[in-house]
1. Report whether or not residue 225 is touching a residue at least 40 places away in the same chain (Cβ under 8 Å) and away from the ligand (no atom under 16 Å from the Cβ).
2. For segment 61-93, name all the residues that are more than 25 Å from residue 234 (Cβ to Cβ), in contact with a strand residue (DSSP E or B) (Cβ under 7 Å, 6 or more places away or on another chain) and not in a strand (DSSP E or B).
3. Limited to segment 311-338, what total is found for residues that are at pLDDT 95 or above and not in a loop (DSSP other than H, G, I, E, B)?
4. Sort through 178, 241 and tell me the only one that's closer than 12 Å to residue 143 by Cβ and either touching a residue at least 24 places away in the same chain (Cβ under 8 Å) or not hydroxyl-bearing (Ser, Thr, Tyr) (or both).
5. Considering only residues that are among the β-branched types (Val, Ile, Thr) and under 24 Å from residue 290 (Cβ atoms), look in segment 321-335 and name the one that is surrounded by the most Cβ atoms within 10 Å (Cβ to Cβ).
6. Counting just the residues of segment 371-387 that are more than 13 Å from residue 358 (Cα to Cα) and either within 17 Å of the chain's Cα centre (by Cα) or not small (Gly, Ala, Ser) (or both), which one comes out surrounded by the most Cβ atoms within 10 Å (Cβ to Cβ)?
7. Given the structure, is residue 199 crowded, with 21+ Cβ neighbours inside 10 Å and either touching a Cys at 6+ places or on another chain (Cβ under 7 Å) or on the phi > 0 side of the Ramachandran plot (or both)?
Amino acid sequence: MVGRHTEADMAQLILLRGARVFDGVSAEIRVQDVLVEGDRIVDVGQIAPSNGDLKVVETAGAFLMPGLIDAHVHVCGAELSIQRTTSSHWSYLSAFGFNTMNRRLLSGFTTLRDMGGANIGMARALREGLVIGPRLFYSGKLMSQTGGHGDARSPDYDLGSCCGGSDKFAWVVDGVAAVRRAVREELRLGAHQIKIMASGGILSAADPLHSVQFSESEILAAVEEAANHGTYVSAHCHPAAAIRRCANLGVRVIEHATMMDEPAAEALAANKTYTVPTLAILAGLMQQGEALGLPPENMDKLRQVAACAQDSLRLLRRSGIPIGFGTDLFGKTHGLDHTEFRLRAAVEAPLDILRSATSVNAEILQKSGELGVIAKGALADIILVEGDPTQDIAVLEDGDNVSLVMQGGIVRKDLRARAPRS
Ligand SMILES: [Zn+2]
């Protein structure tokens, strides 16, 4: 009886009254009411409460906005060491992932886009209500070439094909046929998007930062398979040459985009390619990387990337390229999620950052109008914030300032209920 409603399961109406509403797009913050029925927003404006089964939430002028979206996470990224993470037991990685997801939801992130690790089992557990967490858009295992950013083998040890091949986080695949098969396998397992490693990276052992990874024909094969299925490819890219190449080959989203130049910006603009900068992991590793045991050669790669990440973001913004919002945290740097807001604020206006984390990220997820907006017909993923993040984005750094989290019309957190009774 899917899609049929009976009297008994008539959805409850919830009226969030008198909030200062940021709708995910407009610069105009207006005092409005938001009416929720079931899992959807059914009206926004000045709404007179009707009789019947209506629950009224007096917001007392709190800041109301769409639930936040983080477009680059690794919820199962339990350790900084790729090798140690991928050789951890799935039972542990799942527990780590669900813990991360629950924490993120309660801090206001109602949707996460996982860029390697999370998979259909976690999505099923969420769907069946075994655990509570954000909406999860997963990539399954990411794709890497041999010796690429997703190949976990250290060249110092004779691991043969062990622990770098098809492990929990990555397919290590070479050649068009192998790439096609791996992409098709992830799509069979319900991946929402396909993630490829298209340049060197910071945490991997064997790949120079400036290397471009995968051949053009391999990237084109991934793009074609994803498009045939109705989805898209995201590519990890630091150096400008990799960014430019991927944009021109039909990759839809560039992750990190930290080492931009003008020709790369032109390629992104010409191809309408999205970007997802991830500053939180860079700052977190700059502060804690050595203490957390990141080897000197990886620290060196980190410093090169961190040195130009802000200038790259400036260039992206100046070039009018759509910019999403991501964090990319691993290991003990999980928990620094909210630093992304302040780090972005060094370059961008608060309103632009809020749009990135809501409506622009929803576009990236191909969920415009459903997620990342406060509008009639959208899913009722709504948060209340104490303070005004359009004036001071730092209020989002403290999860306690997110006083209410509603996900699909269900209240997941309500700190206001904790207020002492008078
Ligand atoms: Zn990542």
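1. Details: touching a residue at least 40 places away in the same chain (Cβ under 8 Å): yes; away from the ligand (no atom under 16 Å from the Cβ): yes.
When the stated conditions are applied, residue 225 passes them.
2. 61, 62 - these are the residues of segment 61-93 that are more than 25 Å from residue 234 (Cβ to Cβ), in contact with a strand residue (DSSP E or B) (Cβ under 7 Å, 6 or more places away or on another chain) and not in a strand (DSSP E or B).
3. 9
4. On the way: 241 fails: closer than 12 Å to residue 143 by Cβ.
Criteria check complete, one pass: 178.
5. Step one: list which residues in segment 321-335 are among the β-branched types (Val, Ile, Thr), which gives 321, 323, 327, 333.
Next, only the ones that are under 24 Å from residue 290 (Cβ atoms) stay: 327, 333.
Working: 327: 27, 333: 23.
Looking at the filtered set, the residue picked out is 327.
6. 384
7. In short, yes.
Let's see how each residue does on (1) surrounded by fewer than 21 Cβ atoms within 10 Å (Cβ to Cβ); (2) without any contact (Cβ under 8 Å) to a residue 40 or more places away in the chain; (3) out of contact with any Lys or Arg (no Cβ under 8 Å at 6 or more places or on another chain):
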residue	(1), (2), (3)
35	no, yes, yes
42	yes, no, no
71	no, no, no
132	yes, no, no
151	no, no, yes
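The values are calculated or read from the model by the stated rules, or taken from the named source; none is laboratory data. None of these values were measured; they are calculated from a predicted model. A quick note on method: Cβ atoms are made from the backbone with ideal geometry, for glycine too, and the neighbour counts reach across all protein chains shown.
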